[in-house]
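Undergrad: Input: one structure, supplied below.
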Amino acid sequence: MDETVAEYIRRTVLKIPRDEIKMMLQKWDFLSEAQLQTVNFHQIKDNISQEVVQLCEENSADIKQAAVLDIIYNHIYQNKRMWSVYQMKKTGEELEYFDLTDFKKKFKRRLRSALKNVTITFREYEDNAIWIRVAWGTPYRQPNQYKPSYVVYHSQTPYVFISASVLKSNLPLLCQALIVASNYHEIREMELRSHSLNSLKDIVFKRYSQNFPTYCPKPLQGKTVEPESVDLRIIHENKSEKERIQRVNQEVFGNGPQPILQFAQYKLETMFKSSPEMDVLDKKEPFRCLVKFSSPHLLESLKSLAPAGMADAPLSPLLTCITQKARNYFRIREKKGLFPDSFVSP
Amino acid sequence: LVGSDEELQQKLAEAILQEKRDFKISIHIATSLPLPSERDHLRPRIDLIVFMIDIKSKYSLKNVEASLAHVDATFFLGKVYFLVTGVGRVNCCSIETNAVCKLGEAYCSPVLFCELELEGVRVATAQRLLRMLQICAGLVPGFSALSFSLLMRNSADD
């Protein structure tokens, strides 16, 4: 077995939390159950990985098999990576029957014709997701297995989720290979990024609970029930306002759990508006400013702002349109013409 | 209690009610003033108004400033206090203490600082407020709301 492969397997196993190593090796299905029985999974990880490499040596593992283990790890720990969403477009043709073998063949051929040294691995999952792992090399160097790109493609949808490696120069080639293999004509990057792959899918596949405008202006009956033990000496004066806020929140955010996003970024390309006396920025250049909201769960925290008494309800539509517009990166430009207010670029 | 953090207001109100006293009190929790007029007939005389400003939230300060305009001038003779909360979280301050002190001066009302997330401080604050309320309601002979608030403000300046 190649030394580099052995080292790669060793390092991959070291990444896995100790309690999950056995499970992942079983999923990998490269070592037999009998072989796995010989490993002591209660020792320190260093030793576990050495024993695993030893067994892989016995089975003569090559890089292809090692890559599969890496996909398995990244599928389970998908939220460690940052995912971008790409949308593909056909020019109005009918839906063709998707042939997985054909897709794989075309994808590999396209990549390999441009770049000789690539490692390409496919793995299909039950939810119709096709995971592709690509390790990139150059005409003179073997692929770097430690910085691969991952692609997740649901064949019945025009969406592709990509977690690119640091080597962004390979992205155009990757995109090209994808549209060729899937019989589309163009691909564009959407302004939507998150660590949570499932949330991105929820947003573009519209799987989150949609908000329905409520037509009845009265508050929902029976929602806030007074507990028996409420102290009558404490009077809440603004109950109806609180109920209004809950109602507005429900209309805007819906009832269900929010998709998990970590950022919303607004790039301002507007003119700085100040009072005439301040006389700032004589040259009247656009004011360069970037506003970034970050949170472990951005939409949930936005939803909590008004009920927590930290903001007015309803919130600015720039914040509440994120899920509906399927984007969390915005560019705000000056609106030219009659109305000098700024607007959000499409 | 006028402020934007309902949970904290509720906790403070409960802490006040836990204290021993020999008079009846009722606590009204509001997010802003003016109070809804539908309930005017249900309200007794108001003896003390405490504006709660969360030092971590500019929004709460704006809220309080807007509400101040709706307070009758007579209240500012010792029946209005500013309570600045959240001072324990030094790294999250959004409002300068200077700004709040200026607000206190502008409205001739004392400013108190506290951290209501700590139970001990919450209890101590509740005790202070209860004492202030007693004085403002005229239940302490020899002490008027005005004289007490002057005392508070002068000691704060030292």
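Bear in mind these aren't lab numbers, they're just calculated from the coordinates by the rules spelled out. Since we're looking at a predicted model, the values are computed, not measured. Here the Cβ is made from the backbone with ideal geometry for all residues, glycine too, and neighbour counts use every protein chain on show.
Undergrad: Taking only C-alpha pairs under 8 Å that are 6+ residues apart, what is the relative contact order of segment A:3-78 in percent? Let's see the in-between values first.
TA: Working: 51 pairs, mean separation 35.2, N = 76.
Computed over segment A:3-78, the figure is 46 percent.
Undergrad: Give the order of B:T85, A:T12 when sorted by the count of other beta carbons within 10 angstrom, beginning with the fewest. It would help to have the intermediate numbers written out before the result.
TA: Details: B:T85 27, A:T12 22.
Ranked by crowding around the Cβ, least crowded first: A:T12, B:T85.
Undergrad: Additional query: Could you please report the charge total around A:Q142, scoring K, R as +1 and D, E as -1 over all other residues with beta-carbon less than 15 angstrom from its beta-carbon? Intermediate values should be presented prior to the final figure.
TA: On the way: positive: A:K64, A:R112, A:K116, A:R141, A:K147; negative: A:D2, A:E3, A:E7, A:D62.
My count for the surroundings of A:Q142 gives +1.
Undergrad: Can I ask one more? Using the Cβ atoms and a cut-off under 10 Å, what net charge is assigned to the surroundings of B:A15, where Lys and Arg are +1 and Asp and Glu are -1? It would help to have the intermediate numbers written out before the result.
TA: Values: positive: B:K11, B:R122; negative: B:E14, B:E19, B:E119.
Its environment carries a net charge of -1.
Undergrad: Also: For A:M310, enumerate residues with amide H under 5 Å from its amide H, sequence gap 5+ or separate chain, H modeled in the peptide plane.
TA: When sequence neighbours closer than 5 places are left aside, there are no close amide H contacts.
Undergrad: Placing +1 on the Cβ of each Lys and Arg and -1 on the Cβ of each Asp and Glu in chain A, which of A:V118, A:P139, A:F293 has its Cα farthest towards the positive end of the resulting dipole?
TA: The residue sitting most towards the positive pole is A:P139.
Undergrad: Give the average over all directions of the projected area of the C-alpha convex hull of chain A, one decimal, in nm².
TA: Details: hull surface 117.3 nm².
Projected over every direction and averaged, the Cα hull of chain A covers 29.3 nm².
Undergrad: When the convex hull of the Cα atoms of segment A:85-171 is projected onto a plane and the area is averaged over all directions, what value comes out in nm²? All intermediate terms of the calculation are to be shown ahead of the outcome.
TA: Numbers: hull surface 25.3 nm².
Across all orientations, segment A:85-171 yields a mean hull projection of 6.3 nm².
Undergrad: Under a Cβ-Cβ cut-off of 15 Å, what is the net charge of the residues other than B:A145 that fall near it, where Lys and Arg count +1 and Asp and Glu count -1? Can you show the working numbers first?
TA: On the way: positive: B:R45, B:K79, B:R128, B:R131, B:R153; negative: B:D47, B:D72.
After counting each charged neighbour, the total is +3.
Undergrad: Would you mind ranking A:E3, B:E7 so that the residue whose beta carbon has the fewest other beta carbons within 10 Å leads the list?
TA: Values: A:E3 7, B:E7 11.
Lowest to highest Cβ neighbour count: A:E3, B:E7.
Undergrad: Same structure, new question: Mean projection of the alpha-carbon convex hull of segment A:64-124 over all orientations, in nm²?
TA: Values: hull surface 24.4 nm².
For the Cα atoms of segment A:64-124, the hull's average projected area reads 6.1 nm².
Undergrad: Within a 10 angstrom radius of the beta carbon, how do B:C92, B:C136, B:C108 rank from fewest other beta carbons to most? Show your work: numbers first, answer last.
TA: Details: B:C92 11, B:C136 25, B:C108 14.
Final ranking by Cβ density, sparse to dense: B:C92, B:C108, B:C136.
Undergrad: What residue among A:R109, A:R233, A:R327 shows peak mean-square fluctuation when chain A is described by a Gaussian network model with Cα springs under 10 Å?
TA: A:R233
Undergrad: Let me check against my output: what whole-number percent is the relative contact order of segment A:83-205, with C-alpha pairs under 8 Å and at least 6 apart? If you can, show how the numbers build up before the last one.
TA: Working: 206 pairs, mean separation 45.2, N = 123.
Rounded, it is 37 percent for segment A:83-205.
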